[in-house]
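Inspection log for the structure reproduced underneath, given as structure tokens.
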Amino acid sequence: MAVIIAPGHVPEQPLTHARVLWQALPGTVRATSAAGGYPAERAAAVDTASWWLPTAAPAIWRITYDAVQTVDAVGIAAHELAGAEVRIAALLAGVWQDLVTLTPADNGAILVLLPRVETTSIRVWIDRVAPVGVIYTGRVLAMPVPEYTALPMLDLCRQATLTSYVSEGGQMLARFVQRQGRAGTCAWNHLPEDWYRATFDPFARAALTEPFFLAARPEGYPEDCVYGWVDAPIGPTRMGVKTFLSVSFEVQAHAPSD
């Protein structure tokens, strides 16, 4: 799990504030190769149970937009890219320009904060044959207040359903993890109402059906990054102080394979 800050990234808010990548830009998806039943389009879907699986390395996954789009972030989840070399590039004035090269330390969610570009296409290059379940490209949402202590350490907030088998004599025979993930409650206070309506509420509406990448503190704790979703609508509360709002919601997050 990690936030990668690419050279040239200009933050709208301090990097001690949370970032959310929630809007995956639509487009036409292609790849240099794909195994049968594992096409490139699967990485453009939101679920973590299907994958793009190239058949040869290096491999390139590419999304082409119908019109020029502003892109400053890429999210990658449900992958097995630990130790791989990954390059992200944008098509600028008809020429591919590398924006960042990274080597994931594990198989957790990755949020890459890029220099903002106006482009018609983004590509992800990997140096190995490995499954990739989710790739988002788009604009990141920067929270206007830090609220660090009100955010859970989602990378450490493990949730699991466990089954134990114990003999009649009380001896432990076996123990299994039936289901696992991450979960925690995120909260922010003193959000200006105008900002909430214009900027945060579109995310709240999309979160009814779309998962998102969430990084609590990109600078300081870049490993605190997940691909998650909500099981209930997100709604604000008036604080009674000027026009400030507060909002909180429970996040369920994908647990990576280790």
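With every protein chain in place and a 1.4 angstrom probe, the accessible-area ranking of VAL95, VAL74, largest first, reads VAL95, VAL74.
Measuring with a 1.4 angstrom probe and ignoring ligands and nucleic acids, LEU53 comes out at about 50 Å² accessible.
Distance between the pseudo-spin-label points of ALA57 and GLN252 (7 Å out from Cα toward the beta carbon): 3.3 nm. With a simple spin-label model that places each label point 7 Å from the Cα along the Cα-to-Cβ direction, the separation between THR185 and VAL68 comes to 4.6 nm. Fully extending the segment from ALA174 to GLU210, taken as 0.36 nm per residue of separation minus the present Cα-Cα distance, adds 9.3 nm. Ranked from largest to smallest solvent-accessible area, with a 1.4 Å probe on the protein heavy atoms, PHE249, PHE244 come out as PHE244, PHE249.
The values are calculated or read from the model by the stated rules, or taken from the named source; none is laboratory data. Treat the numbers as computed from the prediction; the structure is a model and nothing was measured. When we count neighbours, we look across all protein chains shown, and the Cβ atoms used for this are built from the backbone with ideal geometry, even at glycine. With ligands, DNA and RNA removed, areas are computed over all heavy atoms of the protein, side chains included. Shrake-Rupley method; radii C 1.70, N 1.55, O 1.52, S 1.80 Å.
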